[in-house]
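Asks: Handing you this structure, nothing more for now.
Where a number appears in this text, it was derived from the coordinates with a stated rule and is not lab data. Remember, predicted model here, so these are calculated numbers, not experimental data. All Cβ positions, even for glycine, are placed from backbone atoms using ideal geometry, and neighbour counts span all protein chains on display.
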Amino acid sequence: MVLSRACCGSGRRYGLIGRNGEGKSSLLRILPELAPAGLRIHVVHQEAEGDSKTSALEAVIASDEARVALLAEEEKLQESDKPDLARLAEIADELVSMDAHSAEGRAASILSGLQFTEEMQAGPTERLSGGWRMRLALASALFMKPDLLCLDEPTNHLDLYACLWLEEYLAEWPTTLLCVAHDVTFLNEVATDIVHLCNQQLTTYAGNFDAFEKQRAEVMLDWERRYKKQQEDLIHYQEFVNKWKDNKFGNNEGLVKVRRPQNPQHPMPFSSDRSAVSAVEAARHRAHEDLAAGRRVW
């Protein structure tokens, strides 16, 4: 569903949630293998590489490989004795459509939002620590604007101001976003849909995290009602069987007319019993508060 929405350029922003160990990060890593041909997908799950020759600003600009390839082709055609004017016109149109000529300004704005100073933007990437290289990888992904952007806990390496900037930036994200996160504030500000992964099943809920919690509570309440009704039916069935099984007149036709109620099945894909749900809820209540931002996690 996420891939099909990405192909249509829907602009939906999915928050992928689930307990640790459910396979959220693994799912992000295999998505490029499942994507149809022509879909530009980018997964941010490791820090950017550093070297002594490339500045942070240059690294972000160079991350848009499509733009770099078009500029290189344009330069090669212009240097040719007999340039293909039709192709040059096509390249010019493509560069305009991707706003290629404002690349440096856009890259600098993204880096600034992630709290890179001008000195850090101009300095070599090898001087950056692991946390700042993760920010650099995130900046490159934002600059590329792929059809489907996949982020894995993007706020882990960010301070409060960078988190607030990222929330505002992603809230206007034009393509499709799939983001693993435990930061409830982030999910409420960014997500248009919540995808819940549990027991190797995915369930999608419309709305942000607060809407997801409300919908999940309603579904659980509905299940409890149905489960209670099933238990009552089972008791009634057993009473009927007990009444007629020892019928001394040998008339057991009534048993044939009564169908045994189906075994109660949990309709919730995210849990097969209430203990698992309780464990998740307990974990959420134990989650610490971020003292600097007052942000809660689940």
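Asks: Find out how many positive minus negative residues lie around Ser80, taking Lys and Arg as positive, Asp and Glu as negative, among other residues whose Cβ is under 13 Å from that of Ser80.
Replies: Around Ser80, the surrounding residues sum to -3.
Asks: Ordered by residue, what ³J(HN,Hα) values in Hz, to whole numbers, does the range 183-191 give under the Karplus form 6.51 cos²θ - 1.76 cosθ + 1.60, where θ = phi - 60° and Gly and Pro are x?
Replies: 7, 5, 4, 4, 5, 5, 7, 9, 6
Asks: What number comes out for the charge environment of Leu151, summing +1 per Lys or Arg and -1 per Asp or Glu over other residues with Cβ under 13 Å away?
Replies: Local charge sum for Leu151: 0.
Asks: Which whole number of Å³ per residue matches the convex hull of the alpha-carbon atoms in the range 84-189? Show your work: numbers first, answer last.
Replies: On the way: hull volume 12.9 nm³, N = 106.
Convex hull volume per residue, Cα atoms: 121 Å³.
Asks: Moving on. With Cβ to Cβ distances under 11 Å as the rule, what net charge do the other residues near Gly50 carry (K, R +1; D, E -1)?
Replies: Summing Lys and Arg as +1 and Asp and Glu as -1 gives -1.
Asks: Over the C-alpha atoms of the range 51-133, what are the Rg and the largest Cα-to-Cα span, Dmax, in Å?
Replies: Cα radius of gyration and Dmax of the range 51-133 are 15.8, 49 Å respectively.
Asks: May I pose another question? What span do the alpha-carbon atoms of the range 167-242 cover on each of the three principal axes, reported in whole Å from largest to smallest?
Replies: Projected onto its principal axes, the Cα set of the range 167-242 covers 66, 22, 19 Å.
Asks: Between the range 178-193 and the range 48-108, how many Å separate their Cα centres?
Replies: 33
Asks: Additional query: Would you kindly derive the ³J(HN,Hα) couplings of the range 135-149 from the backbone phi angles with the Karplus curve 6.51 cos²θ - 1.76 cosθ + 1.60 (θ = phi - 60°), listing them in order in whole Hz, with x for Gly and Pro?
Replies: Per residue, the Karplus-derived 3J(HN,Hα) values read 5, 5, 5, 5, 4, 5, 5, 5, 5, 5, 6, x, 5, 9, 9 Hz.
Asks: To continue, here is another question. What length, rounded to one decimal in nm, is gained on full extension from His236 through to Glu119, with 0.36 nm per residue of separation minus their alpha-carbon distance?
Replies: Result for the pair: 34.4 nm of gain on full extension.
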